[in-house]
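The values are calculated or read from the model by the stated rules, or taken from the named source; none is laboratory data. Bear in mind the structure is a predicted one, so any value in this text is a computation, not a measurement. FYI the Cβ positions are ideal-geometry reconstructions off the backbone, even for glycines, and counts take in every protein chain you see. Note: areas computed on protein heavy atoms with side chains; ligands, DNA, RNA excluded. Shrake-Rupley method; radii C 1.70, N 1.55, O 1.52, S 1.80 Å.
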Amino acid sequence: MYFTVSVSAFFPKQEENTAEVVLAKYIIGEEINANLDGIHPVYNSETMTPSWKVDSLLCAAYFSIFYLKPDLELYRPCDNPRCGRYFLVKTTSTRNRFCSQECCNRVTQDRYRKRKREKEGL
């Protein structure tokens, strides 16, 4: 199962130049820009790393929208039933089923243990 985020899904090619779409794009741009005011770059001199200071959860949401790829991003739920996380699927590798190697190992171990119990039960 994939979840996609695509700007072209909201604005199909044949409707790109209509007045409503132009107005909607303008409003979306203004809304995002207005809500990016609560985001400030911060430099940590102890760890020598850059970071961001975010004033509110709403600003963080708009910041994540700001950094979305405009063409397409695919998110897939992790196949580990105990995980519940979603992960970004790279366009070069859509065969990944788990968000991390730990989740993959956990599911593999669970399957192995289940087969072992069934074999011992026979």
Exercise for the section: Considering only segment 26-38, state which residues are among the charged types (D, E, K, R) and part of a loop (DSSP other than H, G, I, E, B). Expected result: Asp37
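Pull up segment 14-49, narrow it to residues that are in contact with a strand residue (DSSP E or B) (Cβ under 9 Å, 6 or more places away or on another chain) and over 20 Å from Leu68 (Cα atoms), then point me to the one that is most open to solvent (accessible area, probe 1.4 Å). Walk me through how you get there before you give the answer.
Of all residues in segment 14-49, those in contact with a strand residue (DSSP E or B) (Cβ under 9 Å, 6 or more places away or on another chain) come to 38-44, 49.
When the remaining residues are screened for being over 20 Å from Leu68 (Cα atoms), the result is 42-44, 49.
Working: Val42: 65, Tyr43: 132, Asn44: 65, Thr49: 61 Å².
By that ranking, first place goes to Tyr43.
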Problem - Given (1) open to solvent by 100 Å² or more (accessible area, probe 1.4 Å); (2) of a type in the set (Ser, Thr, Tyr); (3) at pLDDT 80 or above, index of the condition Thr91 fails - result: (3)
Exercise for the section: Pull up segment 39-65, narrow it to residues that are out of contact with any Phe, Trp or Tyr (no Cβ under 8 Å at 6 or more places or on another chain) and assigned to a strand (DSSP E or B), then point me to the one that is farthest from Ile28 (Cα to Cα). Expected result: Asn44
Handout entry: Candidates Tyr67, Tyr43, Tyr62 - the one that is aromatic (Phe, Trp, Tyr) and at pLDDT 85 or above
Key = Tyr43
Exercise for the section: Kindly indicate whether Arg113 is at pLDDT below 85, over 14 Å from the mean Cα position of the chain (by Cα) and open to solvent by 100 Å² or more (accessible area, probe 1.4 Å). Expected result: no
